[in-house]
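In what follows, a structure is listed as structure tokens, so that the remarks can point back to it.
The values are calculated or read from the model by the stated rules, or taken from the named source; none is laboratory data. Bear in mind the structure is a predicted one, so any value in this text is a computation, not a measurement. With ideal geometry, Cβ positions are generated from the backbone for all residues, glycine too; neighbour counts draw on all protein chains shown. Surface areas here come from the heavy atoms of the whole protein model, side chains and all, with no ligands, DNA or RNA. Shrake-Rupley method; radii C 1.70, N 1.55, O 1.52, S 1.80 Å.
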Amino acid sequence: MNAGNRSGARSLWILAVAAGGFIGALATLPVPESSAAPGQEVPESRFAVVDVTLFDGGAFQRNQDVWIEDGRVRALGPRLRLPEDLPRVDGRGHTLLPGLIDGHVHTFGGTLNDALRFGVTSVLDQFTDPALLPGAKSARDDIARTGEADLFSAGMLATAPGGHGTQFGMAVEPLTEPASAAAWVRARKDEGSDWIKIISEDGAAYGGELQFPALDRETIGALIAAAHAEEMLAVVHVTGIERALEAVSQGADGLVHVWIDEVIAEEDARRVAEAGVFVVPTLSVIASMFGDSTGLRVLDETDEELVSPMQWGTLGDRSYLRTGTEDEAALENVRRLHEAGVRIVAGTDAPNPGTGAGISMHSELRLLARAGLASDAVLAAATSGAAEAFRIPERGRVAEGHLADLVLVRGDVESDVSRTTDIVTIWKDGYAIARESAATASAPVIAAAPDGPIVADFEDGIDAGFGSGWQVTTDAMNGGTSTAGLAVEAGALVVRGETKAGFPFPWAGAIWFTGPQPMQAADFSGRTTLRFRTRGDGRPYTVMLFGAGAAGTVPPTVPFTAGPEWAVVEIPLKSFATADPTIIAGLAFVTQAPLGAFAFELDDVEIR
Amino acid sequence: MTAARRAHRARIYALEAWYQFLMVLREPAFAIPTLLFPLIFYLFFGVVLGAGSFSVAAPTYMLATYSVFGVMGPSLFGFGAGLAMERDSGVLLLKRTTPMPAAAYLLAKVAMAIAFGAAVVLGIFLLGAHGAGVVLYRWQWFALAGVVLAGVIPFCALGLAVGAWSRGRAAVAITNLVFLPMAMLSGLWIPITIFPAALQDVANALPAYHQAQLALKIIDMDGGQTTLLHISVLGVQSLALLAVAAFGFRRAGTGAVSIRPGGTS
Amino acid sequence: MSEPDIARLSGVTHRYGSVVALEEVDLEVRRGEVLAVLGPNGAGKTTAIHLLLGSLPVQIGRATVFGQRPDAPGVRARRGAMLQISGVPDTLTVGEHIDLFRAYYPAPVPASDLLAMAGIEGLEGRRFGKLSGGQKQRVMFALALCGDPQLVFLDEPTAGLDVEVRRGLWEEIRRHRDSGRTTVLTTHYLEEADALADRIVVLHRGRVIAEGAPSTIKSRTAARRVRCVTRVTVDAVASVPGVVRSETRGQHLEVLTSRPEALIRDLFDRDPDLHDLTVVGAGLEEAFLALTRESDEPEPVA
């Protein structure tokens, strides 16, 4: 129309072109290559992480270079002179941590792989099958590519007959008197235990009527002395303050839970500090017990592909849930102990219900931060502190000559410990860990079933001839008070017991572990039916199928009735409401409601 | 009708900004220092001296701080010196007698500061990327550009306050007195961590320091104070400076103060 | 519409601190006229203009333009102004300045017409800073006309220009006057007011001291400066009718008078030997002194 309009339009055009050019030019600027192909072209074995914020196990330092050679840290410092051809990982905007060390786990199934995929490069196991120990030792001494965290373990635990620790279905050699302590400890040493774990637990701390048989004071003292005589550490499981302080006075080296019944007095905390006793609070498992959602939040924030079925299962398991109490006492105890100078070691007690191997270490860090530990103290508890407390060599610090167990995390962890979940790369012995293959990672733990008949006929006692045996299962493992006992009579399995109030969903019965280890799944593909003979008191019974998620979410169930006459029950596997009912870790035959005494028999239990 | 009026207003804003931009672009005394100085400084201190070592930390740090410096220049001089001189020459007074909205004039200066700032930022980014091997995530490049350009808000407010309270050549001198020491003390040239503690405390009072810390936060090289702190300080300072400027204009008028008895013929 | 006057100051008093710039001023701008506000420096002319432009707030009294407040948005679009300013930015071209100012108005005059009206055809590509003083003033004049205004304020449009350039600009202003628009012009050149205005208001020390057609005002300010070497003393001539001021400068007697013929007759009577006589038209300053004296002690005008 006129010149004014034209120049107005022209200036708008120029503006649009300039803005477009500006944005276009910004888009051409160089970006790190590692962000383009995560995990794939990450250098291994011989490389450097440059210009990174380093937590070396003690403190945060900015703009550090870390040179890795042959699976170990060769040099570190600001602005290293590095060989020209050394592959570099751009560490700007990232924090490099020593591989995490979980101070309280239980190893079975795929837990070592799960742990490693979440940056936990070493685990300190507080009770597992001693058969695992020789293999663990050679694996951890070998600097070769591995998909599993290094395992250090107490092996078998020391407890009283029928005491805490006997309910999980693993063989336990209980003690009854101080005199047997020395031999017991020597047996553990011979099996390959790295330290001695002693149960001092009668269940009193949980309140209610629950009582376990527990080791007496003298036996505990004898065990600690015997361990020290063998130059082994003695750590004690406690959940109550009274037994905790007693263990401290008896010379225990560490306590592997924090107590929840009472807040420690400041002078007592000082006493613990003066005794040099470390504490592994296992806030993760305590928090989940009290309905704290920290663990689930970490799960929510995590890419689903990284989570194995077992992690899903155990972390999502709410069966442990108590309400009406708070975990504040536990947090307050940690705060007071830390302030008094007691060494705190991060540990999860995974994969107990409400925790997942590896993944829960990240919620443990957040909980420790919530208990008042500063970022460096939290991370020290999960690295150098754990290594020093349990005398684990070459780990827990980024230092010259130490193993190149490293975790590269996006962002500034010092200002926010919850950023540890944003893992860019994990190196174990200098090798990058493929994190994505969680689904396949759990595959190796599923054992193949043999071709022949799979049947438990109880002709030769309780051993089924397949799987890892029959065990009692009751709600006692979740704090309930139901009881059960097993016996083989006339070639059949007799299950007797009583369901009692205590746990919200009481149960009792027998479980058949069908894999080579308890709760390790086996692959029964090709089989379609669970068939068994049963008779009993006419109560309603239930078969529960435990899949690869082992102690997972509420297992699918199918009801059956055990009447006075022997009857054959056939249950198509597909009637268990789960994705793949042919992956079976255990089959539990239990009764639930109504409460009261029960008795039933099983025979010729067959997966066909 | 209202659409036509809106188009008419939009054209005023667009043209005012465009001619403001052309005007200063053709003014060597403005364009050369604001466009070239940050680039030359960065080239020398960031690229040539900084890239000699293996670490790319120095060029990356300076990429952020010199970008803040680059945005500070046109904001301060456009508003501080520019406004004072236009007030002196009477252009502002003349424009205020026309239907031009006052906001068009102010926004034109802000737009000019953004345009010059964007050119400097882009230049520094290209120098850093291709001269010193600076590599950032794409989001960091964009976020850095965005945060640095958002610095026109506090810096224009500061310039406006200077322009409202000083006149002509004095405004140029005062702007320089604000510009250079503030850049230095805010760590825009070299990290303030090498300064004595007392000087580091001074930085906490300077908008350029907080602006630079926000920029450094994007590349994880900040001093560790919270984002909220920096944004709060910048917000409060900007509002305070705008109030100071408003008070100055109320006192002096937009230039009508030159009409006094016995004024020039 | 009933707008008897296009713009008006009523009872306006304006102070800068203790200095009174305008005192009890009534000023009326009539439709279609060219009004010259005439006065020496510091008389209050520019203050009056800025009150009507809305760029100064009214302190006492009332200012209206088109019956509205001077700074009302509707007023701005119908008004143009050429102010006593050093100019628009040097680095933009004439065409760019005109383009920008035209954009401010809803119905601007075509740029080519503006260039013609201000007599600056061919200069549109030149930067403002490269123009001569006269060319700059013409550009400022063009900017005042951009919005096709009904009312134009020209505040000392020819100040600082040499005579020839000044006369050239008068031509443009006169042409503009002929288009029938209302113009308010301030000047301290009586000659300029005479050449351009339909009506003159004389401001002195913040007061309106005379108002009327140019010829009337001119006759009332027709003071002459008479200068000669004589024995007659300063005191002796002070009482002569028409004498405004008398003083001795060196050996010269200098007398300012509105009736030079009577004075000269009187001087020759007293001193036939007087010599080196000159009679010159007095400057506006002196003319105002004459007017002031009149307003102070009413005296018939010859």
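Helices assigned as whole DSSP H runs in chain A whose Cα atoms extend at least 20 Å along their own long axis and whose mean Kyte-Doolittle hydropathy is -1.0 or higher are found at A:3-27.
Return the percentage of antiparallel bridges among DSSP beta bridges fully within the protein assembly as shown, rounded to the nearest 5 %. Mind dumping the intermediate values first?
Working: 114 of 159 bridges.
The answer is about 70 percent antiparallel.
Counting only DSSP beta bridges with both residues in the stretch C:149-287, tell me the antiparallel percent, nearest 5. Walk me through the intermediate numbers first.
Numbers: 21 of 26 bridges.
In the stretch C:149-287, DSSP labels about 80 percent of beta bridges as antiparallel.
3J(HN,Hα) couplings calculated from phi for the stretch C:41-57 with the Karplus curve 6.51 cos²θ - 1.76 cosθ + 1.60 (θ = phi - 60°) are, in sequence order, 4, x, 7, x, 4, 5, 4, 4, 4, 6, 5, 6, 8, x, 8, 10, x Hz; Gly and Pro show x.
Sorted by mean Cβ packing within 10 Å, highest first, what order do the peptides B:240-249, C:83-92, A:280-289, C:181-190 take? Mind showing how you got there, number by number?
Details: B:240-249: 16.1, C:83-92: 19.8, A:280-289: 27.8, C:181-190: 22.9.
Ranking the peptides B:240-249, C:83-92, A:280-289, C:181-190 by packing returns A:280-289, C:181-190, C:83-92, B:240-249.
Translational diffusion of chain A was estimated from the Stokes-Einstein equation, with Rh taken as the Kirkwood radius over Cα pairs; at 25 °C and 0.890 mPa s the coefficient is 95 µm²/s. Separation between the residue B:44 and residue C:261 pseudo-spin-labels, each 7 Å from Cα along Cα→Cβ, expressed in nm? About 8.1 nm, to one decimal.
Placing +1 on each Lys and Arg Cβ and -1 on each Asp and Glu Cβ, with no other charges, gives chain A a dipole about its Cα centre of roughly 1640 debye. Contact residues in the stretch A:89-121 (at least 50 Å² less accessible area with all protein chains than alone, 1.4 Å probe): A:92. Taking a point 7 angstrom from the Cα of residue C:15 along the C-beta vector, which residues in the stretch C:197-224 have backbone N less than 16 Å away? Within reach of a label on residue C:15: C:206-207.
Each principal axis of the Cα atoms in chain C has its own extent, and those three values, largest first, are 70, 42, 36 angstrom.
Taking Cα atoms only, the orientation of helix C:133-145 departs from the longest principal axis of chain C by about 60 degrees.
Ligands, DNA and RNA left out, the accessible area of the protein assembly as shown computed with a 1.4 Å probe is 56% carbon and sulfur.
So for the stretch B:8-255, taking the charge dipole from beta-carbon charges (+1 Lys/Arg, -1 Asp/Glu), which of B:160, B:174, B:203 sits furthest toward the positive end? So the residue furthest toward the plus end is B:160.
Just to confirm, what accessible area per residue do you get for the protein assembly as shown at 1.4 Å probe, in whole Å²?
Working: 45980 Å² over 1175 residues.
On a per-residue basis, the protein assembly as shown sits at 39 Å².
Charged neighbours of residue A:130, selected by a Cβ distance under 10 Å, balance to -3 (K, R count +1; D, E count -1). With the simple spin-label model, which puts each label point 7 Å out from Cα in the Cβ direction, the residue B:142 to residue B:6 separation comes to 2.7 nm. A Förster radius of 45 Å combined with the Cβ-Cβ distance from residue B:198 to residue A:266 puts the calculated FRET efficiency at roughly 0.70.
On association of chains B and C, roughly 2900 Å² of accessible area becomes buried (total for both chains; probe 1.4 Å). On the beta carbon distance between residue A:187 and residue A:448, with R0 = 25 Å, the FRET formula returns roughly 0.15.
Extending 7 Å from the Cα toward the beta-carbon at both residue C:127 and residue A:593 defines two label points whose distance is 9.3 nm.
For the pairing of chain A with chain B, what total accessible surface becomes buried, with a 1.4 angstrom probe, in square angstrom to the nearest 100?
Details: alone 24540 and 13210 Å², together 34830 Å².
That pair of chains buries around 2900 Å² in total.
Ranked by the mean number of other Cβ atoms within 10 Å of their residues, highest first, the peptides B:88-100, A:265-277 come out as B:88-100, A:265-277.
Out of the GluC sites (Glu not before Pro) in the stretch A:209-243, which ones are loop residues according to DSSP with at most 11 other C-beta atoms within 10 Å? Write down the numbers at each step before the final one.
Working: sites: A:209, A:218, A:230, A:231, A:242; in loops: A:209, A:230, A:231.
Hits after loop and neighbour filter: A:209, A:231.
What number comes out for the charge environment of residue B:74, summing +1 per Lys or Arg and -1 per Asp or Glu over other residues with Cβ under 12 Å away? Write out the running numbers ahead of the final one.
Working: positive: B:109; negative: B:27.
Surrounding charge for residue B:74 is 0.
The angle between the Cα long axis of helix B:227-252 and the main principal axis of chain B comes to about 20°, on a 0 to 90 degree scale.
Treat every Asp and Glu Cβ in the protein assembly as shown as -1 and every Lys and Arg Cβ as +1, leave all other atoms uncharged, and give the resulting dipole magnitude about the Cα centre to the nearest 20 debye. Dipole size: approximately 7440 debye. Relative to the first principal axis of the alpha-carbon coordinates of chain C, what is the inclination of helix C:260-270, with its axis defined by its Cα atoms, in degrees from 0 to 90 and to the nearest 10? Here the helix axis deviates by roughly 20 degrees.
Set the Förster distance to 35 Å, then compute FRET efficiency between residue A:171 and residue A:303 from the Cβ-Cβ distance, nearest 0.05.
0.40
Summarising the overall dimensions of the stretch B:51-145 from its C-alpha atoms, the Rg and Dmax are 18.0, 60 angstrom.
Average partner chain C-beta neighbours within 10 Å, per residue of B:200-209? Don't jump to the answer; show the numbers that get you there.
Details: counts 0, 0, 0, 0, 0, 0, 0, 0, 0, 0.
Averaged over the peptide's residues, the number is 0.
Excluding same-chain neighbours fewer than eight residues apart, the lysines reachable from residue A:189 by a Cα-Cα span under 27 Å are A:137, A:197.
Think of the protein assembly as shown as a dipole: +1 on every Lys or Arg Cβ, -1 on every Asp or Glu Cβ, centred on the Cα centre; then among C:149, A:118, A:178, C:149 lies furthest on the positive end. For peptide C:73-80, the mean count of partner chain Cβ atoms within 10 Å of a residue's Cβ comes to 2.
Please compute the average number of Cβ atoms from other chains found within 10 Å of each residue's Cβ in peptide B:4-11.
3
Determine the sum of side-chain charges near residue B:87: Lys and Arg each +1, Asp and Glu each -1, restricted to other residues whose C-beta is under 12 angstrom from that of residue B:87. Surrounding charge for residue B:87 is +1.
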